[in-house]
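Any read-out appearing in this document is the output of simple, stated calculations on the displayed coordinates, not a laboratory observation. Predicted model, so just to flag it, every value in this text is computed and none were measured. Cβ placement follows ideal geometry from the backbone for every residue including glycine, while neighbour counts extend to all protein chains displayed.
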């Protein structure tokens, strides 16, 4: 055990001294996160802005003014209401000075109270957007509620109810809360928002590069003859490879945790429970490390290993959503599910939605299964470096 830890410590110190992990495992992916955030940051859901309403309503019409004033109370949109004459509403809307124009007829309140028909005219302004659609929906909802009160009062009148009771019925119906209400919430949809997908994808992509440093170190030592000298020492040959595996695993875990932490701070991303995130990192690093040592047995030179590692990293990283979300069905979806980077990203989506360890059991088993399969395969594949 002491010999194993000594070799692991030596490998880690070497990586710290040559700054390879710092550059390719942390600085480069964080820089890419910044660039991608600048390029694709506008793809996130836009925030609602402000809106100006040009409204024509009689000062002595309390009901008409109430319909217009409700727009300033909805909260989700910052609304400014400009009271103008009726003949100024259309010109201001067409000129883009108002996102919405409203013309309330002079006798609106009296007509509604009397049970007669009344029409509120609404004009969408030039350049109107989502804010205008929301305001129109609010006006329609208010008028429908007022209409319900009028209809109820009219029905009471037909039944012969006294006038004072009709007024109470109309007011109660008009002010009644909606029968159906909605509550905003979030679910564990297994989908990260664009910023979180970018952070998780880049962490998974560069993880494959980080764990590859152990492979490159092993092959380099073979080429330089250091590996043969280590084998001649009084220790098990498996300790040499084990030290490379363990050093790669430690580097991968540390670099991935740093990337997720930096991404959370820099881009305001929340991946959920820290315990769940740590478990996911341990699993995906195990999968990536097992794959890298297939490369170690197949590659003849450090150059070949570097190229093979880069190809695997880019393919698995892109398929796992390093640059953009990937959706598929059928056979393609099955193949994507076998990708440890994709499983890692999906599990982080579950965690970000409030999921616990039980909820991420599927992706965890997939990553661990991947690690076991390729760890066994790395022992079965002929070692070309030894057979040279």
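Shown for 19, 244: other C-beta atoms within 10 Å of each C-beta, ranked fewest to most, produce the order 19, 244.
Between residue 85 and residue 136, the FRET efficiency from the beta-carbon distance, with R0 = 22 Å, is close to 0.55.
Give the order of 82, 133 when sorted by the count of other beta carbons within 10 angstrom, beginning with the fewest.
By the 10 Å Cβ count, ascending: 133, 82.
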